[in-house]
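S.K.: To start, I am sharing the structure in question, which I have written as structure tokens.
Derivation of every value follows stated rules applied to the coordinates shown; laboratory data play no part. Note that the structure is predicted; figures quoted are calculated from it, not measured. Every residue, glycine as well, gets a Cβ built from its backbone with ideal geometry; the counts of neighbours run over all protein chains shown.
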Amino acid sequence: MKKTLFGVLFGKSNLLNGAIAVTIIASIALGCTCGKGLDLGNISQSGNSSSTSSNSSSDDTTSASNGEVPSGSTCQAMVHELTSDFARAVDTNDWSDIYEKASTDFQNTYTEDQMRNAFKVFVDKKRVVKPVLDKTDSMSPDFSPSPYIRTEKGLSILVLNGKFATKPVPLNFEYEFVNRSGEWKMLKLIVKLV
């Protein structure tokens, strides 16, 4: 039974593989950059993603306004906060909190219902997914590449990609945050269990 369940949830079922592929594609669509009016062809890489953190110091606000990557501890806190918000949304199927924290660029491009639908497979499989998400609370993320800032249409975008070494599968994340008035707001949210 355990082998069958693992096979269905982690790659041995064509139906589930299709559902996961659709979710990843939808996640990518939801996580596309700033949306309307931004030229994706002129992207220079120099930063990482992060989430809005209530623990931001004045140094991080300065970093945000001058295009510098926030400290390692701030980047980790942003990843933990966004992952925790995502876990709570998966558990309750209430996406309002994470949606309200998102950038206006994200909110102007996607509705809360579109977000809910994109992550439906996570909610449907929450008995397996939620414990993996919860394990990240006590772990440090491994960034790959290191956090960096990219600039798009004069906006600083923090890119935070990496993984948590969770078991039975790692949790991979691709997060981006846009700098709005010295504050980092979620712009891209991709979570993969592979």
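S.K.: Are any residues in segment 152-172 surrounded by fewer than 22 Cβ atoms within 10 Å (Cβ to Cβ) and touching a Gly at 6+ places or on another chain (Cβ under 7 Å), and if so, which ones?
M.R.: Listed by number, the list is empty, since nothing qualifies.
S.K.: Could you say whether any residue in segment 161-178 is touching a helix residue (DSSP H, G or I) at 6+ places or on another chain (Cβ under 8 Å), basic (Lys, Arg), touching a residue at least 24 places away in the same chain (Cβ under 8 Å) and farther than 18 Å from Asn108 by Cα? Steps first, answer last, please.
M.R.: If we filter segment 161-178 for residues that are touching a helix residue (DSSP H, G or I) at 6+ places or on another chain (Cβ under 8 Å), which is where we start, we get 162, 164, 166-169, 171, 173, 175, 177-178.
Pick out the ones that are also basic (Lys, Arg) and you get 167.
In the following step, the residues that additionally are touching a residue at least 24 places away in the same chain (Cβ under 8 Å) were identified as 167.
From what's left, farther than 18 Å from Asn108 by Cα: 167.
Within segment 161-178, one or more residues are touching a helix residue (DSSP H, G or I) at 6+ places or on another chain (Cβ under 8 Å), basic (Lys, Arg), touching a residue at least 24 places away in the same chain (Cβ under 8 Å) and farther than 18 Å from Asn108 by Cα.
S.K.: Look through segment 124-171, keep the residues that are polar (S, T, N, Q) and assigned to a strand (DSSP E or B), and return whichever of them is nearest to Glu81 (Cα to Cα).
M.R.: As a first pass, look at segment 124-171 and keep what is polar (S, T, N, Q): 136, 138, 140, 144, 146, 151, 156, 161, 166.
Next, only the ones that are assigned to a strand (DSSP E or B) stay: 151, 156, 161.
Values: Thr151: 23, Ser156: 20, Asn161: 14 Å.
Filtering segment 124-171 for residues that are polar (S, T, N, Q) and assigned to a strand (DSSP E or B), the one nearest to Glu81 (Cα to Cα) comes out as Asn161.
S.K.: Out of (1) surrounded by fewer than 19 Cβ atoms within 10 Å (Cβ to Cβ); (2) of a type outside the set (Gly, Ala, Ser); (3) closer than 24 Å to Pro70 by Cα, the odd one out for Ile149 is which?
M.R.: Just one mismatch for Ile149, condition (1).
S.K.: Of the residues Ser146, Ser103, Ser71, only one is closer than 19 Å to Glu176 by Cβ and under 15 Å from the mean Cα position of the chain (by Cα); which?
M.R.: Only one candidate qualifies: Ser103.
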